[in-house]
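This report concerns only the one structure given below.
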Amino acid sequence: MAYIDNSDDLIDTRAEARVEDYVALLKPRVMSLVVFTALVGLVLAPGAIHPVIAMISILCIAIGAGASGALNMWYDSDIDAIMSRTRNRPIPAGRISRGEVLVFGIVLSAFSVGLLGLAANWVAAGLLAFTIFFYAVVYTVWLKRSTPQNIVIGGAAGAFPPIVGWAAVTGTVPIESLSLFLITFLWTPPHFWALALYKQGDYGAAGIPMMPNVAGEKSTKRQILVYSILLAVASLLPSILGFSGWLYTGVAVVTGALFLYFAWKLYRSEEGLPMRKAARGLFTFSLSLPVRRIFGIAWRQFVDASWRVDAMSAPDELRSVPAQSPEVAAARARTRRRRSIALAIVLAVLVVIFYALTIVKMGPAVLNRTI
């Protein structure tokens, strides 16, 4: 009883910030996706970049994403205290003050942009600064509480990292990087609207005009299906533009078809618990987008670069032929094609196994539990 009655000590202990609270302010799960998509842009960009500069660039993008998350939590602390999935965040839980978080976010923003400009180039730094501004001001302050299109327009902030990564290497924003932007941009609405369908009670209590709360479940399901179709088409752009290989194309087709399957299943679902289960299934599967991109990187790096054979890979009778001769080039192409096909088959089998386990093994635990 003596411990319980000492309420002053109890309050002081709960108010003390921990290291993990500052980590939580950076939204590490969101940051991991940002880092991954930025890495895709950096790796796929033509040209050379020093490994140290590349690591610093990715670090700056990660810090910038974390700064955006901190500024978002600073502004949204009032509604975070209402929603079940956010009420234990550091500010609503009383462990860190809003003023501390604001300063933390601003300092990280300035540091990440300045360091990226000095280490890589100021085009990438400018894009990073715009990304932070777009997420913290345009989305968080303006769009989130004012329009059901908040996720559609605000999703641009989450789609900028591959452009920033590409610009860190080249200092330019070509159509290839814009195609990576478009894929993430079109992925955002079905991903978050699926979440909003089975969490619409939270959003309604917080007064956030998410699509299901404003337009209704039927309209939201229809729009999710439309965006899923557009996403499946946009996912083929890297192949159409010629900066990805057969492996990426195959994975894009398979995952795009599965994404459409989950979207169609949600569209056809009945109201109530079946709809919420279908929405949760789509939301869970939509997290597989990074898997598609990692195979795109694997194709570019291991097939086009690491496994590229030199003149010694040609037949013996061609080894004495000048390196630039058509015969050697043809021999290299044949060897590269055989190895590429072998790698594609192996990784395609792994992809099929992965998604089979996701649907069959994880399905009953994730999709069928009571929400």
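The values are calculated or read from the model by the stated rules, or taken from the named source; none is laboratory data. Remember, it's a predicted structure, so these values are computed and weren't measured experimentally. Here the Cβ is made from the backbone with ideal geometry for all residues, glycine too, and neighbour counts use every protein chain on show. Side chains are part of the model used for accessible areas, which takes the heavy atoms of the whole protein and leaves out ligands, DNA and RNA. Shrake-Rupley method; radii C 1.70, N 1.55, O 1.52, S 1.80 Å.
Exactly which trypsin sites (Lys or Arg not before Pro) in region 67-137 are in a DSSP loop and have at most 12 other Cβ atoms within 10 Å?
In loop regions of region 67-137 (DSSP not H, G, I, E or B), the sparsely surrounded trypsin sites (Lys or Arg not before Pro) are Arg85.
Ranked from the most accessible area to the least, with a 1.4 Å probe and all protein chains present, what is the order of Met31, Met83?
Heavy-atom accessible area, descending, gives Met31, Met83.
Can you list the lysines whose alpha carbon is less than 22 Å from that of Lys277, not counting same-chain residues fewer than 8 positions off?
Lys199, Lys218, Lys221, Lys265, Lys361
Can you give me the Cα centroid spacing of region 129-153 and region 174-253 in angstrom?
Cα centroid to Cα centroid, the span is 17 Å.
Is the shape of region 46-135 rounded, prolate or oblate, going by the alpha carbon gyration tensor and its root eigenvalues a ≥ b ≥ c, with a/c under 1.5 for rounded and a/b larger than b/c for prolate?
Here region 46-135 falls in the prolate category.
Which of the trypsin sites (Lys or Arg not before Pro) across region 199-229 are loop residues per DSSP, with 12 or fewer other Cβ within 10 Å?
In loop regions of region 199-229 (DSSP not H, G, I, E or B), there are no sparsely surrounded trypsin sites (Lys or Arg not before Pro).
Let me make sure I get this right: for region 127-246, a, b and c are the square roots of the gyration tensor eigenvalues over alpha carbons, sorted descending. Under 1.5 in a/c it's rounded, otherwise prolate if a/b > b/c, else oblate. Which is it?
Note, shape of region 127-246 comes out oblate.
Mind grabbing the accessible area of Glu271 for me, 1.4 Å probe, Å², rounded to tens?
150 Å²
How would region 130-190 be classified by its alpha-carbon gyration tensor: rounded, prolate or oblate, with rounded meaning a/c under 1.5 and the a/b versus b/c comparison settling the rest?
It is oblate, given that a/c is not under 1.5 and a/b is not larger than b/c.
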